[in-house]
Amino acid sequence: MENTFILIVIFLILILALIFVIAVQKSNQRDKVRELQELELVKKSRVLNFLPEMQCSDNNDLDPDCYDILKIEVMKEIFDNDKDYYPVLLGNVRILIRKFDPSPEINSWKDEWLVYDNPKAEDKGYREVQFPVLLRDVTSNSDYFGVIYLGVYE
Amino acid sequence: MKITKKGAIEIQFNWIYIAVVGVILLTIFINIAGGIRKGAQQQLAIEAVNIFDEIFTSLQGSEKTEHSITLPGIELELASDDEVCNYYAIKDSDFGRRSTEYLPVFSPNLIKKEILSYSIGWDIPFRTNYFLYLTSPDIAYVYVGQGLDIIDLQDNMPDHLTKEKVNTVPEFINHNYYKVKFISYSSLDNDEVSRSVAKLSDKDVTGVYINENDKSITYYEKDSDVLTEKSISYYIDDATLFAAIYSDNPGSYECNLKKAMLRINKISNMLVKRIDLITKSNLLPECKSETSSYNQAKTLLTQLKDETKTQVVSKNKIQSLINIKEDLQNINNKLNRKSCPTLY
């Protein structure tokens, strides 16, 4: 009887310890997931830097902070029709570009392009970062202030 | 003091009871410890791969910069077969495999101790891709020959590579490198390797013979103690030449080059449509007169798009890409001189 009682107590202590370990691990996992989401956002925002498809290029001198309006218009059409290549390359992101004139302080934009939008089948949230960029119209040789709203579907 | 029969049985039973429970508890603890250890290993693999993913993305942006990443007790495995060059993972881990489906990564199939990375933007003539080159300091790149061309190549390739210079293949003694690559501007066919190199497995001793005249690269692999020809591939410029040297085998080189060609196909398609928008816009009179240049460029870009529709690396295709690249460069320079919207 005594032995059984001791064993029950030991098992109870073990179960409590196990519950504690699981709870700590779950909390760590949540932190890890958050960290990975942040990392994903940073990674996706970097992807834009390697998209010569939209960047300004002056005789192949690429400017990562400048976007060519003609390329944006063409790429919007290409992204809309492409179901294989760019969804894999860019993943589940949303790229919205707004053109301001003369500056965003007037709180209205002149043009906007929802260049790319690839949400996940299951909605689990959305994070967005904004980048101020230069938008160039090569045909009229004019530059505009623009903002890229890059959203990452979680 | 007399122990009764009943008491003796009870004492024995208690010991059996304790032994059984002890074994059960021990088994539970061993299983839990094993599970935690396995979980930690998987976690390390997943975390490492995630961090590499982030690092590889950043590395592309830091063009022509040499980086190194220490591998703490892990080895990086990269798919480098002919048709499968689309992932990397931690060796001996089934978890955390990361896709490189559209990222051209030129590397050996296994990287130990430290990752040495380098990246170059590939222009044909417009920027299409960022090539990522990976290797290990424990892989020897052996430059064979005495000509200026091999000295130039040795100087041009990243400084962090483990470079060795010899006049002939047998001169090279292996100092515990796990892979050896011979690079030469003359044929390496049937060249005998030293005994220290012969000890390595055949697949780990390879060679490339660069023929600048026809832009070809002949791949060699060790067969017992001599280098034997495997196959021939082609390169266009320094970026593709480095890619061929970093790659473990011709299959891996061509597989990754096909990814780059697919991107050319996509970008040339975009540039054709962009030219349409340029020619339809209100251009300055001096640029309006350049309509023929734009049309010519459109033809060349369409040709480029067609050439890269099927991503086969052949001599004719490479020559055609070189010609298109030069013609597009000339048109772009002309438009640039006239201050008209350039093609790229």
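Values quoted throughout were computed directly from the atomic coordinates according to the rules given, and no laboratory measurement underlies them. Note that this is a predicted model, so its numbers are computed, not measured. Glycine gets a Cβ as well: all are built from the backbone with ideal geometry, and neighbour counts include every protein chain shown.
Computed quantities for the displayed model
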| item | result |
| --- | --- |
| Residue-wise HN-Hα coupling along the stretch A:20-37, computed from phi with Karplus coefficients 6.51, -1.76, 1.60 (Hz; x: Gly, Pro) | 5, 4, 4, 4, 5, 4, 4, 5, 4, 4, 4, 4, 4, 4, 4, 4, 5, 5 |
| HN-Hα J in Hz across the stretch A:140-154 - Karplus 6.51, -1.76, 1.60, θ = phi - 60°, x for Gly and Pro | 9, 6, 10, 10, 10, 7, x, 10, 9, 9, 9, x, 10, 7, 8 |
| Spherically averaged projected area of chain B from its Cα convex hull (nm²) | 27.9 nm² |
| Residues whose placed amide H lies under 5 Å from that of residue A:111, excluding near-sequence neighbours | A:99 |
| Label-reachable residues, the stretch B:223-261, where backbone N falls under 15 Å from a point 7 Å from residue B:101's Cα toward its Cβ | B:259-260 |
| Inter-part distance where the stretch B:144-178 and the stretch A:1-79 are each reduced to a Cα centre, Å | 42 Å |
| Neighbourhood charge, 14 Å Cβ-Cβ cut-off, centred on residue B:31 and excluding it, Lys, Arg +1 and Asp, Glu -1 | +2 |
| Fraction of antiparallel bridges per DSSP, the protein assembly as shown only, in percent to nearest 5 | 75 percent |
| Share of Cα-Cα pairs in the stretch A:1-143 lying beyond 18 Å, as whole percent | 69 percent |
| Equivalent ellipsoid semi-axes - Cα gyration tensor, the protein assembly as shown, angstrom | 54, 37, 16 |
| Per-selection metrics, the stretch B:251-325 (Cα): Rg and Dmax in Å | 14.8, 51 |
| Convex hull projection area averaged over all views, the stretch B:289-338, Cα basis, nm² | 3.4 nm² |
